[in-house]
1. Do we find a residue being more than 24 Å from C:LEU122 (Cβ to Cβ) and hydrophobic (A, V, I, L, M, F, W, C) anywhere in the range B:13-36?
2. Which residue, of C:LEU231, C:LEU203, is crowded, with 23+ Cβ neighbours inside 10 Å and out of contact with any Asp or Glu (no Cβ under 7 Å at 6 or more places or on another chain)?
3. With the checklist (1) more than 20 Å from C:PRO250 (Cβ to Cβ); (2) in a helix (DSSP H, G or I) in hand, flag the one item C:MET80 doesn't pass.
4. Out of all the residues in the range A:65-93, which are in contact (Cβ under 8 Å) with a residue 12 or more places away in the chain, within 12 Å of chain B (Cβ to nearest Cβ) and of a type in the set (Gly, Ala, Ser)?
5. Among the hydroxyl-bearing types (Ser, Thr, Tyr), in contact (Cβ under 8 Å) with a residue 40 or more places away in the chain and closer than 21 Å to A:SER232 by Cα: which single residue out of A:SER49, A:SER39 fits that description?
6. Answer with yes or no whether B:ASN295 is at pLDDT below 90 and within 11 Å of another protein chain (Cβ to nearest Cβ).
7. Could you run through the range C:32-69 and say how many residues are exposed (fewer than 14 other Cβ atoms within 10 Å of the Cβ) and either of a type in the set (A, V, I, L, M, F, W, C) or not in a loop (DSSP other than H, G, I, E, B) (or both)?
8. Taking the condition of being more than 14 Å from every other protein chain (Cβ to nearest Cβ) and touching a Lys or Arg at 6+ places or on another chain (Cβ under 7 Å), how many residues in the range A:49-64 meet it?
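The values are calculated or read from the model by the stated rules, or taken from the named source; none is laboratory data. Keep in mind it's a predicted model, so treat the numbers as computed, not measured. With ideal geometry, Cβ positions are generated from the backbone for all residues, glycine too; neighbour counts draw on all protein chains shown.
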Amino acid sequence: MTALLEIEKLEVTFGRTAAVRGASLAVAPGETHCLVGESGCGKSVTALSVMNLLVRNARRRAERLAFQGEDLLKLSDSGMARLRGNAMAMIFQEPMTSLNPAYTVGSQMTEVLRRHKRASQRAATDRAADLLARVGITAPGMRLGQFPHQLSGGLRQRVMIAMALMCDPQLLIADEPTTALDVTVQAQILRLLAGLQRDLGLGLLLITHDLGIVARVATRVSVMYAGEVVESAPTAELFANPRHPYTQGLLRCVPVPGKIRRDQPLGAIPGTVPRVGPDFEGCAFRERCDFADETCKHAIPRHHASTAHDFLCRLPA
Amino acid sequence: MLRFFIRRLIVALLVAATVMTLAFVMTRLSGDLAISIAGPNATQADIDAVRKAYGLDRPLLTQFFDWVGRASLGDLGESFFFKRRVSELIGERMPVTLTLGLTGLVIALVVSLPLGILAAVRENTAFDRLVQVVALLGQAMPSFWLGLLLMIIFGLQLGWLPISGTESWQSYIMPGVVLAFSAIPALTRLTRAGMIQAMASDYIRTARAKGLSRASILLKHALRNAAIPVVAIAAVQLGFMLGGSIVIEQVFALHGVGFLAWESIAKNDFPVVQAVVLVLAVIYVGLTMLADLLNAVLDPRLRGA
Amino acid sequence: MRRGWRNAGTWAGAIIVGIAAFCAVFAPLLVPHDPFAQDLGKRLLVPFWMPGTDPNHLLGTDQLGRDYLARLIYGCRISMMIGVSVSLVSGVIGITLGVLGGFMGGRVDDVVLFAITTRLSLPVVLVALAVVGLLGSSMTLLMITLGLLLWERFAVVARSTTMQVRNLDFVAAAWCAGCSRFRILAGEVLPNIASHLVVVATLEIALAILLEAALSFLGLGVPPPLPSWGLMIAEAKDYMFFSPWVIVIPGVCLFVLVLGINLLGDGLRDMLGARSDT
């Protein structure tokens with residue numbers, strides 16, 4: 001079966017800074033693929049470059065960037081616009097500012113369907129009301145006539161999700177959709193996303209830095225560090241047998257009930273993600289890694305722990 | 001929202017009252033009005049007659065409260081020179097000034113909105129810089145001089161447009177353009193800044209993520225938000241234009257309110273002068289309130305507040 | 001590249017303003033002729049680039065045979081005097097009001113805001129014309145009148161910047177150290193808002209010069225025979241269809257001077273890091 005989304009050796013640069021350096025990953029139809037890593041490691045940039053929503057001074061290159069087998073790199077701006085919001089949709093981290101303050105919820109939702117499916121206003125409104133109900137908003141008819149500032153953050157993110165679903169997309173990219181929300185609301189939104197993914201058979205690319213979320217919803221996990229995917233594996237295998245020192249470090253930072261002991265402090269990775277240029281060589285994690293030596297300054301081979309599990313480290317498989 | 005407007009209304013009334021006082025004080029600055037009205041060859045008897053006829057022999061405070069009381073009820077007094085009601089005079093001349101001001105505003109918006117939008121979309125390109133240079137040049141242009149130049153070029157050399165008067169709609173083109181020039185730099189800069197800010201916002205990223213057309217992103221989603229400050233400034237600029245039209249009316253011999261005021265100043269016709277100052281100030285205050293109202297229409301966040 | 005382009009504008013502005021200031025200060029030494037001396041035999045002589053020019057009068061003569069170059073140089077002096085003195089008067093008024101409002105807040109600030117609103121509602125040209133028309137035109141009166149009318153931008157900027165500075169830590173520290181209000185205003189607030197006010201001052205100088213020209217053009221500004229550029233344009237208006245240069249030359253001078261001041265102001269704003277909305 002071909003992948004829904006294929007990214008091979010994606011590179012994104014902003015002037016002298018490389019935000020993404022040869023990242024590869026694939027999302028299969030109907031799977032929840034989690035992209036994890038610290039802030040500034042290139043997760044959001046990867047997602048935005050799939051949607052071609054990068055800011056103007058960003059440069060995007062890739063060996064392959066394909067959606068349902070179609071090469072996105074060769075697509076014109078208008079061709080890309082026909083896909084966005086239609087077959088692939090995206091929701092963002094900032095529900096408070098992601099909706100246009102000047103238009104009603106209904107107007108912003110219906111315009112997606114009217115643009116892509118040439119639906120009538122009436123049909124679009126009905127669809128919008130159905131979806132609002134589907135994402136757990138009561139009195140959808142009333143909400144359609146309201147403006148974003150009249151809704152709470154959680155409600156706005158539900159509206160964003162409903163809006164993304166207007167055209168029945170095959171792929172939904174969610175960029176840290178719960179980070180800006182209250183803890184109780186976070187759980188609700190996450191449960192909603194997982195339920196929708198299962199019911200609608202969506203391919204979901206979920207970007208997060210919260211491994212607790214990953215453990216609950218992901219089919220597969222890719223760990224990003226300094227613009228590279230350093231490890232990728234099915235969820236159970238990654239948690240059971242992490243191979244990259246960075247993944248191991250991340251997992252030590254997560255308190256798992258029953259597994260942590262009182263006398264043992266919770267782990268932490270010292271330092272921060274370094275900013276690297278386009279011609280950086282070797283492992284970007286070596287400054288923070290306990291196992292680093294001279295060989296880490298040279299190109300690192302990709303190892304396979306199993307057919308579905310690969311990682312980027314000089315340490316033997 | 002209602003409370004906000006009641007507050008604004010009270011401030012507006014206070015402003016009007018202050019302007020009334022200032023206008024009264026201003027016209028009495030020269031000392032004895034009766035002497036200047038009666039003219040240089042008047043005898044003492046003439047001056048006394050004038051003083052009595054216009055009520056200038058009363059104490060200043062009485063004159064002041066008389067003017068405030070009547071003006072509040074819409075009675076602006078009688079012109080010394082035209083021997084007619086001031087409100088009638090202003091009413092007759094106002095259409096010319098309003099037509100001129102609105103023409104200027106429309107031209108200014110038609111020029112500055114597209115320029116500002118295009119400059120924002122092409123930020124930091126040669127076009128953007130060109131627009132900024134044009135705004136800078138417009139800011140430095142003396143309006144009366146521009147008017148004269150246009151008259152020489154389009155009136156005399158090319159013969160396309162009438163040089164003066166108000167016979168046809170073409171008469172308003174040149175003065176309208178000159179008046180618009182004063183507002184174009186500010187409106188263009190504001191449109192550009194607003195569009196740049198809007199285009200960098202999260203909701204525009206959402207609009208792009210929804211796959212909307214470029215036209216819809218720019219004109220529906222970005223411009224609607226960028227327009228909010230522009231509308232407010234446009235209303236204020238219209239107020240400035242009406243006040244500043246006195247120069248343009250003089251250059252193009254348009255017999256509007258500004259021209260009336262100029263004639264009246266030259267003839268020491270102080271009831272007209274103080275009335276025009278008051279009317280223009282009230283119009284300005286009204287326009288700023290209109291701007292607040294339009295903002296509330298454009299920005300739903302203000303409506304509930 | 002953008003910076004370079006900006007810098008070129010600032011330099012151009014500085015050079016224009018420098019030349020104008022030089023002309024204004026040394027006008028009596030620079031003029032080739034008495035700017036008031038009439039020679040009815042040499043009326044409306046053409047400037048040097050046109051055929052039939054008189055080498056004694058580089059820029060020709062006006063309708064009364066007065067040397068145009070001499071009048072322009074004296075006109076520059078008038079413009080600069082008006083611009084600088086008006087912005088001094090309005091600066092004192094506006095900065096006082098703005099700093100008071102921004103620093104004291106509360107009722108005082110309400111009054112200052114009300115004064116600004118009232119001032120904005122007054123039509124400047126009309127009020128200035130009326131005052132000059134009723135009291136008779138003179139340079140001094142014009143400076144005072146315009147100074148009394150053009151303070152609102154100073155007040156707005158001084159008020160908002162003072163509010164920002166007031167809330168900064170070092171001002172709080174000065175409060176705690178027991179400094180008097182005056183010490184804090186003069187020692188802490190004013191130096192910190194000065195750069196914004198310098199930018200406003202350049203804008204006000206440009207505005208005052210344009211307004212003086214407009215008022216003189218309407219015959220109620222600088223009294224004749226003083227050679228204000230606006231007055232020169234007004235006096236030459238009747239001849240402009242036959243000799244366009246009589247209005248083109250003073251108009252270009254006015255335009256270039258105001259442009260130069262604005263360019264210099266924009267450059268200062270970038271250099272001093274003042275807020276862009278001033």
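1. At the first step, the residues of the range B:13-36 found to be more than 24 Å from C:LEU122 (Cβ to Cβ) are B:32, B:34-35.
Those still in the list that are hydrophobic (A, V, I, L, M, F, W, C) too: B:34-35.
Yes.
2. Values: C:LEU203 fails: crowded, with 23+ Cβ neighbours inside 10 Å.
C:LEU231 is the lone residue from the list that is crowded, with 23+ Cβ neighbours inside 10 Å and out of contact with any Asp or Glu (no Cβ under 7 Å at 6 or more places or on another chain).
3. Among (1) more than 20 Å from C:PRO250 (Cβ to Cβ); (2) in a helix (DSSP H, G or I), the lone unmet condition for C:MET80 is (1).
4. Correct list: A:GLY85, A:ALA87, A:ALA89.
5. Working: A:SER49 fails: in contact (Cβ under 8 Å) with a residue 40 or more places away in the chain.
When all the criteria are applied, what remains is A:SER39.
6. Working: at pLDDT below 90: yes; within 11 Å of another protein chain (Cβ to nearest Cβ): no.
It is false that B:ASN295 is at pLDDT below 90 and within 11 Å of another protein chain (Cβ to nearest Cβ).
7. 6
8. 2
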